[in-house]
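Read through the structure below, which is laid out as structure tokens, and then see the notes.
The values are calculated or read from the model by the stated rules, or taken from the named source; none is laboratory data. Not measured: the values here are computed from a predicted model. Reconstructed Cβ throughout: ideal geometry from the backbone, glycine too, with neighbour counts over all protein chains shown. Calculation scope for accessible area: heavy atoms of the full protein, side chains included, ligands and nucleic acids excluded. Shrake-Rupley method; radii C 1.70, N 1.55, O 1.52, S 1.80 Å.
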4 protein chains.
Amino acid sequence: MNRFGEHFRIALWGESHGPQVGVAIDGVPPGIALSAEDFAGDLARRQAGAPGTTSRREADVPQFAAGLYNGLTTGAPLALVFPNGDVRSQDYAATAGHDRPSHADRVAQERFGGFNDPRGGGHFSGRLTVALVAAGVVAKKILPETLTFATRIAEMGGCADPLRFDEILREATAEGDSVGGVVECRVGGIPMGWGEPFFDSLESRVAHLLFAVPAVKGVEFGSGFAAARMRGSQHNDPILDAAGTTASNHAGGVVGGLSDGNELVVRAAFKPTPSIARPQMTFNRTTGRVEPLIVGGRHDVCVALRGAAVVEAAVAIALADLRR
Amino acid sequence: MNRFGEHFRIALWGESHGPQVGVAIDGVPPGIALSAEDFAGDLARRQAGAPGTTSRREADVPQFAAGLYNGLTTGAPLALVFPNGDVRSQDYAATAGHDRPSHADRVAQERFGGFNDPRGGGHFSGRLTVALVAAGVVAKKILPETLTFATRIAEMGGCADPLRFDEILREATAEGDSVGGVVECRVGGIPMGWGEPFFDSLESRVAHLLFAVPAVKGVEFGSGFAAARMRGSQHNDPILDAAGTTASNHAGGVVGGLSDGNELVVRAAFKPTPSIARPQMTFNRTTGRVEPLIVGGRHDVCVALRGAAVVEAAVAIALADLRR
Amino acid sequence: MNRFGEHFRIALWGESHGPQVGVAIDGVPPGIALSAEDFAGDLARRQAGAPGTTSRREADVPQFAAGLYNGLTTGAPLALVFPNGDVRSQDYAATAGHDRPSHADRVAQERFGGFNDPRGGGHFSGRLTVALVAAGVVAKKILPETLTFATRIAEMGGCADPLRFDEILREATAEGDSVGGVVECRVGGIPMGWGEPFFDSLESRVAHLLFAVPAVKGVEFGSGFAAARMRGSQHNDPILDAAGTTASNHAGGVVGGLSDGNELVVRAAFKPTPSIARPQMTFNRTTGRVEPLIVGGRHDVCVALRGAAVVEAAVAIALADLRR
Amino acid sequence: MNRFGEHFRIALWGESHGPQVGVAIDGVPPGIALSAEDFAGDLARRQAGAPGTTSRREADVPQFAAGLYNGLTTGAPLALVFPNGDVRSQDYAATAGHDRPSHADRVAQERFGGFNDPRGGGHFSGRLTVALVAAGVVAKKILPETLTFATRIAEMGGCADPLRFDEILREATAEGDSVGGVVECRVGGIPMGWGEPFFDSLESRVAHLLFAVPAVKGVEFGSGFAAARMRGSQHNDPILDAAGTTASNHAGGVVGGLSDGNELVVRAAFKPTPSIARPQMTFNRTTGRVEPLIVGGRHDVCVALRGAAVVEAAVAIALADLRR
């Protein structure tokens, strides 16, 4: 399904090498000033070009297709469009029938009876996250100004020391390989009580969106998987005052599915980019044999790098949807 | 929100110490034989009584309130009800105003203006998972028979050796403490192509439900967080044949948000039970001071134990919703 | 689908002769006092027993299965249950295979492969409107107190004079026949701006619910079908002041899909009760012949009579869902 | 809300004088051939230019923004865009603050705090129905080919004789006035059993969409409001054979909320165009007085004329959503 949200409602469309990527957002309050500049920062963070990211360049300036009048939101659906420019589909032509391992090619072909757009992954492409990041910018505009977002690469290739990240990227690049990473997003200032028990728990909603981001394979809140290795006496967060302040924040800001007034802490694990420069032995549907595949195109060495902006956007969208 | 699903649609209600817990399921095909015995196995797995689980005993026999005629589903909404029997609310009376750390008491009180039912956690109680497990039984009935579910405690208190689990429980019990755990669910036989790109990815839907389960703080698929520490050349799953069989299954059966024909592998991290027998220093809203709290009532030492049945049910519900 | 609503969310279950009829309502604010007495008035209006309505008697006292604590709503899902008591299924046994004209028997049988509960119409029965009326009572509790509901039989058997209604009922009864009717519901005090342009227009939402009520075949707002026979110069409602007061109310209180500050006026056309005492020539699936059918059971002569309470409930539910 | 549908899911955006009107459709099966020509017929029926319709001319050729590859649908969201060309916003400038009676101006201004786009009605404009008609074309493509649509103006200005329609339009035009009308849509070939009992009844879904169409004030199925004036013995549709064929079709093809195998018959009442050439006395927010207003711009004399294509599209969309 291409839609998400009950209050901040987004609908997504587009392909990697189609005419455009777009998102319609319903539920945006009227009177919010929006200009292309507002999007520049987050889009640049997601943008290709940094070491370890693909050399594909898109202008990535949103066009306001609807919902804006005199630079202010109108309360009607806001449609944001990113035309696709720097498209080199021929890079992908060679792989037709020779499905890239750990890409969606094979399942997309099966699911859509071979009618899916194969160019650059089509609708399954990470290119669509440009629209998510744009929606995240709008989400942050309508969240209380008191909310603070801090997002970082917590791990790259198993290393938690940012000073070593460049070296890790260089090594992987030199070896024609890719690396995974963990993105951590912290949001301060969320009032107590956002979210619902059970199916719209804050964790359910945030995780739902994060697992919609290509390459995310794990999501955890607070201590997360480490909590499973703790005792209750260690993990419990004693309450210190009437405001609900806790001495520790092993819960990551969510208890019973609701925000508890502490910092929201969420981490997303990104798998290593499946497109690597090395040849890979994999099944060729055309020849019916397992054969070496060289994946062309331009790709990130570590998708988590641009994933950081996407994770922050996803968290912002979920919060904008659950805000009270 | 108390509802989930687009095709297999569930709506939940109930409280720990209220009259009943129930679930209405819409979208159940007609003609499926259902009897209380069909539920006995999974409900027993969730049931209290095993070492390390609470001593609360409920009959946990579902009553068919609607949607069944002559022992067969009718195609109309199926309503399953579990009356609450073994209720000892007085155990909880003492804690009024003295919120239990890492429980929902404090945020529920804030969110619902003090009108929430505080007895045993009210609507936030793990008691409601009895209805999820029941819905999971129905879900498994309508999934193709070729699907196989295998669910286990993959870790308890940081230990992955099942032979040591009893010891871990005994130690924690002796120390008035609790332990966390990791539940792993594997589902074989899912055809290729279940799920949708982006917001209804198989991972999004499964994770959405798993994070609705009380005490779950992390969810991962396939290699999950370990994938973030791998190289692409290690993590990629080479395709071996036209059926999409892969040499490894680091993806855990999901690529591009869709099932890829391999075994679905999902793990959920459960935090240690927040209710522990030891006194805890925490804020008492009545006295306005941080004071020792003794949590009464009957509680699990390791919620992951009964969590296994709930995780399996959640996965089954998500699959029944996404089945094609 | 058995669910409706985005903010005031209801889920319905039950059959005419099953164990119970019930509704779970999510989105009810906490702290609202509710007792069985609050439901007595509207349920009595819907209740059987009036001239022209079936002689089936149900106690129709709601049981609070969840969401109420100390007589106040908790903010958790509110579940209301009506056990079925006065059931005489044998009345319906004779018609098995001999489908009643203009009833759902035939299509239900086809749609649900013969597994539908045939007793008294099963899930398709007007009996389920008891739950809608109950949900309407809750809806009215959470709407602003300034809203006023006035609902009446505007027409019976083509006659708009209430003084003649009893005579019409007597005549139809004497002839073993039934009559249709029109119910009009007027709601005063709705603030300007409820509803959304296009798919959640106030009219769309109200009509959606009204057409879910068995026997409703037409819905109109304000001048409705009469508007189609008017000139713009007659139909337009000139605005008189800054509050949006209009000189006339041909719009029935809705412009552009949104409430305009005037009285909401909606009418629902009920077909005559399909169950009549006269023999009807219709196809008998058992014999394969068109044969006279005598419909047993107890039935309303004019369903619009009890329909009035249901229409008011449906309007209240839609308003509670759209309230701002 | 700008979205509708569970299986054939549409999301709408745009304004009368904004950059474009668009619709994203999710749930379109892959492999369907689509070209601009496929849309020409229905768009022309909706198009301005016929006697009695506005003189605004738009090319109304859909641009495929996403979801199409090599002229075939891909299974990914299909985005259709209609750039706005022939815009004369200055026609509307004069009316700022002087709200047009029976238009959405006043309520939109209130609801959106004055930030709504006022040009040509903004998001409330009938211009958006171009996207509905386009979605209807796609809907008809995916419905079984055996379905037949026949849509006509059943009444204009209270007259049911099509030979007199031109005269009625000429008279109204000459008098600077407008007329209402009734559109009837008949769909043959719908299999038995589409729709759901209660909230997704075929009637609920169709009416929901029809009441989203600007100017629609009434919807009825089969005998509709006339049914309320009939006896059961007249109105009942006797079943004639095992296929469910009925001797009459007073039900209009829907019983118990489900299609009954007979022709679907639905009628929508359109109010007269609120924009008329005559001066109207109405409140001027700028001067604070009731003053004569001359509505500029180009308008339909009878919106039902282009409404016919929109009604057919709405019915097709609802059917595509409910198809089995």
7 Å along Cα→Cβ, label-point gaps from C:PRO238 to other copies, nm, shortest first: 5.6, 7.5, 8.4
Starting from the 7 Å offset along Cα-to-Cβ, what nm value, one decimal, do you get for the label separation of B:THR286 and C:ARG285? 6.3
What percentage of all Cα-Cα pairs in segment B:153-307 are separated by more than 26 Å? 43
Under a plain spin-label model, where a point goes 7 Å from the Cα along Cα-to-Cβ, how far apart in nm are D:ALA160 and C:CYS159? 2.5
As a quick test, which of the pairs C:LYS217/D:LYS217; B:LYS217/B:LYS271; C:LYS217/D:LYS141; A:LYS141/B:LYS217 have an alpha carbon distance above 18 angstrom in this structure? C:LYS217/D:LYS141; A:LYS141/B:LYS217
If a/c stays under 1.5 just call it rounded; otherwise compare a/b with b/c (prolate if a/b is bigger, oblate if not). Do that for segment B:1-40, with a ≥ b ≥ c from the square roots of the Cα gyration tensor eigenvalues. oblate
Hey, got the Cα dimensions of chain B along the principal axes, in Å, largest first? 68, 54, 37
Report the label-to-label distance for B:THR148 and A:ARG324 in nanometres (one decimal), using points 7 Å from each Cα along the Cα→Cβ vector. 4.6
What are the ³J(HN,Hα) couplings of segment B:20-33, residue after residue, when phi is run through the Karplus curve with 6.51, -1.76, 1.60 and θ = phi - 60°? Round to Hz, x for glycine and proline. 6, 10, x, 8, 10, 10, 10, x, 7, x, x, x, 8, 6
Using a probe radius of 1.4 Å on protein heavy atoms only, what is the accessible area buried between chains A and B, both sides summed, to the nearest 100 Å²? 8000
Which residues, if any, in segment B:11-30 have at least 20 Å² less accessible area in the whole protein complex than in the isolated chain, probe 1.4 Å? B:ALA11, B:LEU12, B:TRP13, B:GLU15, B:PRO19, B:GLN20, B:ALA24, B:ASP26, B:PRO30
Please report which chain D residue places its beta carbon nearest the axis carrying chain D onto chain A, with the distance rounded to a whole angstrom. D:ALA11, 2
Would you work out the relative contact order for chain B, in percent, from Cα pairs under 8 angstrom that are 6 or more residues apart? 24
Mind checking the mean number of beta-carbon atoms from other chains within 10 Å of the Cβ atoms in D:185-197? 4
Note to self, chain D gives a 222 nm [θ] from helices alone (DSSP H runs n ≥ 4, -39500 (n - 2.57) apiece, / all residues, nearest 500) of -7000 deg cm²/dmol
Taking the highest mean first, how do the peptides A:310-319, D:175-184, A:218-227, A:66-75 order by number of other beta carbon atoms within 10 angstrom per residue? A:310-319, A:218-227, D:175-184, A:66-75
Ranked highest first by the average count of other Cβ atoms within 10 Å around their residues, in what order do A:154-164, D:201-211, D:255-265, D:21-31 fall? D:201-211, D:255-265, D:21-31, A:154-164
Of the accessible area of the protein assembly as shown, computed with a 1.4 Å probe and all protein chains kept, carbon and sulfur make up a percent value of 53
Roughly how many Å² of A:TRP194 are accessible to a 1.4 Å probe, to the nearest 10? 10
Accessible-area order for B:LEU322, D:LEU12, largest to smallest, probe 1.4 angstrom, reads B:LEU322, D:LEU12
So what J values fall out for segment C:148-164 if you push phi through Karplus, 6.51 cos²θ - 1.76 cosθ + 1.60 with θ = phi - 60°, rounded to Hz, Gly and Pro as x? 10, 10, 9, 10, 8, 7, 7, 8, 9, x, x, 10, 9, 9, x, 5, 9
Is there a simple number for the mean count of other chain Cβ atoms within 10 Å of the Cβ of residues in B:96-108, and what is it? 6
Regression test value, accessible area per residue of the protein assembly as shown, probe 1.4 Å, units Å², expected 31
Pseudo-label separations to other copies for C:GLY41 - Cα-to-Cβ vector, 7 Å, nm: 5.4, 5.5, 5.6
Within 10 Å, count the other beta carbons around each residue, average over each peptide in A:243-251, A:273-281, and list them highest first. A:273-281, A:243-251
Here segment D:195-208 yields Karplus 3J(HN,Hα) values (6.51, -1.76, 1.60; θ = phi - 60°; whole Hz; Gly and Pro given as x) of x, 9, x, 6, 5, 10, 4, 4, 5, 4, 5, 5, 5, 3
Please report, for the Cα atoms of the protein assembly as shown, the Rg to one decimal and the Dmax as a whole number; what are they, in angstrom? 30.7, 95
Ignore the peptide's own chain and count Cβ atoms of other chains within 10 Å of each Cβ in C:161-174; give me the average, rounded. 0
